[in-house]
Structures are given as C-alpha cells and as structure tokens.
1. Return the FRET efficiency for the residue pair Arg110, Gln133: r is the Cβ-Cβ distance, R0 is 41 Å, and the value is rounded to the nearest 0.05.
2. What is the Cα convex hull volume of the range 128-235 when expressed per residue in Å³?
3. Could you list log10 I(q)/I(0) for the range 73-113 at q = 0.17, 0.19, 0.20, 0.22 Å⁻¹, which the Debye formula gives when each Cα is one point scatterer?
4. Where nothing but the Cβ of Lys and Arg (+1) and of Asp and Glu (-1) is charged, how large is the charge dipole of the chain around its Cα centre, in debye to the nearest 20?
5. State the percentage of accessible surface on the chain attributable to carbon and sulfur atoms; use a 1.4 Å probe and exclude ligands, DNA and RNA.
6. Please list log₁₀ I(q)/I(0) at q = 0.14, 0.17, 0.21 Å⁻¹ for the range 5-148, using the Debye equation with identical point scatterers on the alpha-carbon positions.
7. If amide H atoms are built 1.01 Å from N in the plane of the peptide, which residues on other chains or at least 5 residues away come under 5 Å of the amide H of Thr223?
8. Any idea of Asp80's accessible area? Nearest 10 Å², probe 1.4 Å.
Amino acid sequence: MNPSPEVICAGIIVADHLCTPIERVPEAGELVMADGMLLTIGGCAANAAVDLAKMGVRPAVVGRVGKDAFGRIVSDFLRDAKVDTTHIRVSPTADTSQTLIVNVKGQDRRFIHTFGANAEFSAGDIPLSLLDQCKVLYVGGYLLMPGLQDDELLVVFSAARAKGVKTVVDVAIPKPGDYLPRLRKLLPHVDVFLPNNHEGELITGAKDPVRQAELFHQMGARTAVVTMGGDGAVLVQDGLRLRAGVYRVPFVDGSGGGDAFDAGYIYGLLHDLGPEDCLRVASALGASCVRAVGTTPGVFTGPECDAFLREQALKIERI
C-alpha cells in the first residue's frame, strides 16, 4: 500500500509542447530552427506536484485528462516522478489539455492553449476522504476552470479547515473580468493565496503589488503572497509586510516558475517554517526552475535546495 499523500494538488493538468529559445518568431510560411523541442508535463497542479516530489514530499494529483495519447503520457510522467495519480479522472469525451509554448530569446513566452478535459474538472473530483490523510490542499489554476463551481469548492475548503488541513490557492486568469465576487467568497477559507502581480492587477485594478496583497488579505486570505517574476515577491499577513528579492541564476525558460514558487512555499508550510523561510524556499525553487527548458526539469531536489540555501542569501525586508 502506498503511503498517504501529504499534499493534494488539485486543478489544471496539461501536456506542454515547447521549444528551446529561438531567434525570432517565424514569418508566415517560414521555418525557424530550434535546438530542441520537448513534450512534457504542464499545468499548475501537475507542476507543483512534481516539484514537491523532487523535494521529498508525497503529493497526489486530482484532475482530469483525456483518453488520448497525451493523457497517457502525462499520467506516466507523473507516476515516474513519484506522484500519486490514483485520483486523476479520464474524460470519455474531452481531449487532454495542451499548451504550445514558444520561447523567443530575450522575450516573454507565447502561449497557445486548449482547455480540454480541464474544463470538466469540478470540486466534486476532490475526494473528501483524502482530507483525513493530507496536511495541505492546493488548488492551482482557480478562475480558469469553468466547471469549478465556487459553492462546491467552499464545501471542500470548509471540510479541509475543519480537519486542520492548510489551504493554498493560485489562480490563472484567461482574460479581464469581474473576479472579485468569487474571491470574496473563497478567500476567507484560504490560508495562503499566491497570485502574480499581473493577475493581481486584473483582479483588483491596483498596480502596486503591496496594495494587491493588502486587499487580498483584507478579503480574508490569512497570508497573501504576490509574486513579481524577476522583481521578487511581497507578503502580507496580520502584523507583517515583507518584500523579498530574487536569487540570481542563469535564465533559460520561465515556464513553471510560479508553480515551483508555490511548491516551495507549500514545502515550508509542511515543515512549519515561518513566512520569511517559506519565502526563501519558494524563491529558491522558483529560481531553479527557470534554469532549464520545461516546467520541472530544472527544479531542485531536496538536497540541492538545502545546499543552495546554505550558500545563497535572499534579501528580505519589512515594509
């Protein structure tokens, strides 16, 4: 019998197709060569689960794939990474979600995405019995999955809180919209909320990441962490405001960096670290991710992360 999972990673599962950085986007009909291309795991829940497994944590993924070749590839990849895939459901009608990621040197990534089976994911896919076993419930890609109904998710989060399970949420926003009413309902049930500053601005209208974090905390999140890519992150909770810098590493591909940050923060929660140390581990995993093409290949293992943290200092200041 497999040991019980410590973390449930629920939400988006994707098959990612991506290339090593190319010189420029091809013109119509033009062929541009890349040094390599990769078919691998993607999506917030899947990425975070793989990253946690690399850190020695026992994760389980809850989500949906199609009964196509991509669904089999994704599931095999997760199992090979020592992720529990018992609770991944196979859609009889929808294809596996896929993202085409185009990396161009010196530019941000370009994405082409299909919802696929993720559109069918619902809070009912999360077995409440798992909450008796785990320590953290993470929902990745909230606001992106049309089948994820807020009232149903609140039932799951309320049950998690009642059992002492910490709740962690990250979002993915497909387009501008009125997301505040949904977050006002959910955030009082969330221990750690982890959007990036672009998502924070779309949700709140505020440009300042500190103000964004303050608003999310005021709406009920016990801890709000707004990530800012190469500019670090800010954290707001009762009586504490922090601004963290970044660890400087060679940049290759930003895919999965935010999910790796989430995994690092969750690792800190599992080990009862304070907010500053949670930020250190999260920032280290996020930095390690961008050193390689793909969402998970560059992410530190536990021993690698420990060694990195002993050698590198992260600037964290109170604000």
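1. 0.55
2. Cα-based convex hull of the range 128-235, divided per residue, equals 98 Å³.
3. -0.69, -0.76, -0.79, -0.84
4. Magnitude of the dipole: close to 400 debye.
5. Carbon and sulfur: 52 percent of the exposed surface of the chain.
6. -0.67, -0.91, -1.22
7. Val192, Phe193
8. The value for Asp80 is about 130 Å².
The values are calculated or read from the model by the stated rules, or taken from the named source; none is laboratory data. Treat the numbers as computed from the prediction; the structure is a model and nothing was measured. We place every Cβ from the backbone using ideal geometry, glycine too, and count neighbours over all the protein chains shown. Heavy atoms of the whole protein, side chains included, go into the accessibility calculation; ligands, DNA and RNA do not. Shrake-Rupley method; radii C 1.70, N 1.55, O 1.52, S 1.80 Å.
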